[in-house]
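S.K.: Please read through the structure below; I'll follow up with questions.
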Amino acid sequence: MSINSTAEVDTVIVGGGQAGLALGYWLSRQGRNFLILDQHQRPGAAWRQRWDSLRLFTPAKYDGLPGSPFPGDPLAFPTKDQLADYLEDYVRRFDLPYVPGVDVEDISRDGETFLLRAGDREWKSKNVVIATGGHRIPKVPAFAGELDPGIRQLHSQDYKNPGQLKEGPVLVVGLGNSGAEIALETARFRPTLLAGKPSSEMPMRHGRTAARFALPLVRFLGLYILNLNTPMGRKAAPKFKAMAAPLIRTKSKDLAAAGVQLNPRLAGVQDGLPVLEDGQRLEVANIIWCTGYHEDYSWVKLPAFDDHGEPQQTRGVANSVPGLYFIGQEFLFSAASATLPGTCRDARFLAGQVMAQRSSGLIKV
């Protein structure tokens, strides 16, 4: 049967990253007829597009998906390309029905059937799992448009390496993990300033020793203590979603030691130049916005969201739309839900929920 056909399948997973693939593994174990639709041309492409020097914060022993441990040194921290290669091999190894190059533009419902549209292609299914989050729209302050056009501006999603930068100083805006790691890298090639304050910092030094002794405790806390089944987890969830992640590998003292000039937050623009909260005007040639993303779910034409556009769900199961599921979000169920270990646990749970709604008489693909 053609993947472009409108014949009905049981489940469509929108998004072929680690969350979608982990869920696909469990659905394949159930013998389900399903498809994984992904906007990229090959599995792992979303990781390949990130900056060149990126490494995972979790050691390899925690980075495998169900049925396939991550290869190599279990205490090493894989590069983003090693993870991308692993995801691509995972699809081949388990023969998952991955459909590349599909940017789903619209999800609606006709009775009990979901309709998914991407250009002139359409799919019908009994269940839909959104494994992408919303459309990720880079978050940049409105005053960015007032900056001198001679300043090179990049969002972190477009930054790859210092070779993209003009000669002259670099301003990195946002002191989360992306901002800290990018600033540490650019400081080796350009005078680098960083605007922002970290929410907090992990107390231990990141590395092999932490992977052996400290990170197992962090993993246990994130999976089994800080989740929506515990009073502590329910209390922490709203704060966890609102606050920036603590600095994990690169800390403030590392930045200072590398010569990065730490500054207050950015407040606006004056005469085409960025201005800090303390009134200082910065003469820079480059700005890298490490300011996060907005998530836009307007393409999902279903009554599954609150007034702020956030999914209304319980452990990934949509509260008011039977057959609709979410996976891979921050604190979907636990503080670890957006990490590889948390995603794997959430995937197994959601596969059981989909199984409970199993329908018969569907056409195999």
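S.K.: For region 278-290, give me each residue that is closer than 15 Å to P141 by Cβ and either polar (S, T, N, Q) or touching a Gly at 6+ places or on another chain (Cβ under 9 Å) (or both).
M.R.: I288, W289, C290
S.K.: Those residues that are surrounded by 23 or more Cβ atoms within 10 Å (Cβ to Cβ) and closer than 10 Å to L350 by Cβ, I need them from region 307-332; list them, please.
M.R.: G316, Y325, F326, I327, L332
S.K.: Another question about this same structure. Please go through region 291-333 and give me each residue that is over 26 Å from K124 (Cβ atoms) and touching a His at 6+ places or on another chain (Cβ under 8 Å), ordered by number.
M.R.: T291
Table: residues versus (1) closer than 18 Å to A19 by Cβ; (2) in a loop (DSSP other than H, G, I, E, B); (3) touching a helix residue (DSSP H, G or I) at 6+ places or on another chain (Cβ under 9 Å).
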{"residue": "E283", "(1), (2), (3)": "no, yes, no"}
{"residue": "L302", "(1), (2), (3)": "no, yes, no"}
{"residue": "G309", "(1), (2), (3)": "no, yes, no"}
{"residue": "V321", "(1), (2), (3)": "no, yes, no"}
{"residue": "E330", "(1), (2), (3)": "yes, yes, yes"}
{"residue": "D346", "(1), (2), (3)": "yes, no, yes"}
{"residue": "G352", "(1), (2), (3)": "yes, no, yes"}
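S.K.: Here's something else I'd like to know. Give the residues of region 166-180 that are crowded, with 17+ Cβ neighbours inside 10 Å and more than 22 Å from R249 (Cβ to Cβ), sorted by residue number.
M.R.: Listed by number, the list holds a single entry, P169.
S.K.: Taking the residues in region 34-50 that are out of contact with any helix residue (DSSP H, G or I) (no Cβ under 7 Å at 6 or more places or on another chain) and surrounded by fewer than 17 Cβ atoms within 10 Å (Cβ to Cβ) as candidates, determine which candidate is farthest from R121 (Cα to Cα).
M.R.: Looking at residues that are out of contact with any helix residue (DSSP H, G or I) (no Cβ under 7 Å at 6 or more places or on another chain) and surrounded by fewer than 17 Cβ atoms within 10 Å (Cβ to Cβ), I get Q49.
S.K.: Right, another one. So is N286 more than 27 Å from the chain's Cα centre (by Cα) and touching a residue at least 24 places away in the same chain (Cβ under 8 Å) or not?
M.R.: On the way: more than 27 Å from the chain's Cα centre (by Cα): no; touching a residue at least 24 places away in the same chain (Cβ under 8 Å): yes.
Criteria not met by N286.
S.K.: Would you check which residues across region 56-82 are in a helix (DSSP H, G or I) and either in contact with a Phe, Trp or Tyr (Cβ under 6 Å, 6 or more places away or on another chain) or under 26 Å from K160 (Cβ atoms) (or both) and list them? Explain how you work it out, then say what you get.
M.R.: Applying the first criterion (in a helix (DSSP H, G or I)) to region 56-82 yields 60-62, 80-82.
Correct list: A60, K80, D81, Q82.
S.K.: Same structure, new question: Collect the residues in region 266-290 that are of a type in the set (D, E) and touching a Leu at 6+ places or on another chain (Cβ under 8 Å), keeping them in residue-number order.
M.R.: If the condition is that a residue be of a type in the set (D, E) and touching a Leu at 6+ places or on another chain (Cβ under 8 Å), then E277, E283 are the ones that fit.
S.K.: Still on this structure, I have one more. Looking at (1) touching a Gly at 6+ places or on another chain (Cβ under 6 Å); (2) of a type in the set (F, W, Y); (3) under 19 Å from V14 (Cα atoms), which is the one condition that is false for F34?
M.R.: Going through the list (1) touching a Gly at 6+ places or on another chain (Cβ under 6 Å); (2) of a type in the set (F, W, Y); (3) under 19 Å from V14 (Cα atoms), F34 breaks only (1).
S.K.: Something else: At pLDDT below 95 and surrounded by 18 or more Cβ atoms within 10 Å (Cβ to Cβ): is that true of G64 in this structure?
M.R.: Working: at pLDDT below 95: no; surrounded by 18 or more Cβ atoms within 10 Å (Cβ to Cβ): yes.
Criteria not met by G64.
S.K.: Let me ask something else. Which residues, counting only those in region 92-117, are among the aliphatic types (A, V, I, L, M) and assigned to a loop (DSSP other than H, G, I, E, B)?
M.R.: L96, V102, V104
S.K.: In region 150-158, is there at least one residue being out of contact with any Phe, Trp or Tyr (no Cβ under 7 Å at 6 or more places or on another chain), crowded, with 18+ Cβ neighbours inside 10 Å and farther than 30 Å from D271 by Cβ?
M.R.: no
The values are calculated or read from the model by the stated rules, or taken from the named source; none is laboratory data. Remember, predicted model here, so these are calculated numbers, not experimental data. Every residue, glycine as well, gets a Cβ built from its backbone with ideal geometry; the counts of neighbours run over all protein chains shown.
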